[in-house]
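Asker: Attaching a single structure in structure tokens format; questions to follow.
Read-outs throughout are calculated quantities, based only on the coordinates presented, and are distinct from any laboratory measurement. Model, not experiment: these values are computed from the prediction. Neighbour counts are summed over all protein chains in view; Cβ atoms, including those assigned to glycine, are modelled from backbone coordinates with ideal geometry.
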Amino acid sequence: MGTTSTMAGLARIGIYLTGVLTGGLGLAACTTTTIDEFRQGDTGIDIGESIVILGRRQGAAYETREEFVECVGDRIARGNDGITVVPEQIFVDALFPWFEPRTAPMRSEDLQQLMAQPLVTEKMAEFDVRYIVWLDGQTETSNRMGSISCAIGPGGGGCFGFGSWEDDSSFEARIWDVSSHTAVGTISADASGQSYMPAVFVPIPLIARVEANACSSLADQLKLFVLGG
């Protein structure tokens, strides 16, 4: 009982000291996000029309994460001005095999040829898709510094040290107008942030929400773009 109580007390002290350390050094995970927009044509969407957001995937070595695609779609569909978003997997399955990674159109010029396929035209009309949005990008971690070591002994265990790293998210959304078979614009989101992991008995991560910020910023701008703003 005494050992357990002592370990709990040390853990509380460790958390307190870590908090003092991070506060004293002014450590806080923060993120910087930049949005760029390039418009090539007029946009707008009528009631009942929808968009579909697809992630670019180029083999096993590189793909846009499904979770990021879902994050952008969920945010665009929110609110009184929310836009109907066709779920990616439902769309891809319904139009198999034309939107599989190996057969998906790479250029807006390919859309006119694709729409000549009766099944594609039928499904596009069924979903009432006005815009196809291609998301391309990923998050990379770099500049890892420091180290944390943990040990366990007869009296308990603990971790000591300090680590930090940088996360960079870079995503691009290309918007195709299904009605005109043309590219109407591109929106890019770049977010970067520094994360920290101080440990005095107990590690406390201070994580920069880089990808989450990239998602929210890109989704908000994409919604305004589609609505014609």
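Asker: Rounded to the nearest 0.05, what FRET efficiency is calculated for Asp220 and Phe160 with R0 set to 45 Å and r the Cβ-Cβ distance?
Answerer: Efficiency, from the Cβ-Cβ distance: 0.60.
Asker: Using the Karplus curve 6.51 cos²θ - 1.76 cosθ + 1.60 with θ = phi - 60°, work out ³J(HN,Hα) for each residue of the range 74-90 in order, rounded to whole Hz, and write x for Gly and Pro.
Answerer: My calculation for the range 74-90 gives 4, 5, 5, 7, 7, x, 5, 9, x, 10, 5, 10, 6, x, 4, 5, 4 Hz in order.
Asker: So the label point goes 7 Å from the Cα of Ser149 along Cα→C-beta, right? Which residues of the range 178-200 then have their backbone N under 14 Å from it?
Answerer: No residue qualifies, since no backbone N sits under 14 Å from the label point.
Asker: Same structure again: Please report Ile90, Ile152 as a ranked list, fewest other C-beta atoms within 10 angstrom at the top and most at the bottom.
Answerer: Result, fewest neighbours first: Ile152, Ile90.
Asker: When a footprinting reagent is the concern and you count Cβ atoms within 10 Å, what order do Ile51, Ile45, Ile83 take, fewest first?
Answerer: So the residues, fewest neighbours to most, are Ile45, Ile83, Ile51.
Asker: Let me ask something else about it. Could you list which residues have their amide H under 5 Å from that of Ala77, counting only those 5 or more apart in sequence or on another chain, with H placed in the peptide plane?
Answerer: Ile83
Asker: While we're looking at this one, here's another question. Residue by residue through the range 118-124, which ³J(HN,Hα) values in whole Hz follow from phi under the Karplus form 6.51 cos²θ - 1.76 cosθ + 1.60 (θ = phi - 60°), with glycine and proline marked x?
Answerer: x, 5, 5, 4, 5, 6, 4
Asker: Another question, if that's okay. For labels at Ala77 and Ile204 in the simple 7 Å Cα→Cβ model, what's the distance in nm?
Answerer: 3.8
Asker: Taking amide H positions as placed in the peptide plane 1.01 Å from N, state which residues far from Ala208 in sequence (5 or more) or on other chains have amide H under 5 Å from it.
Answerer: Distant-sequence amide H within range of Ala208: Ser195, Tyr196.
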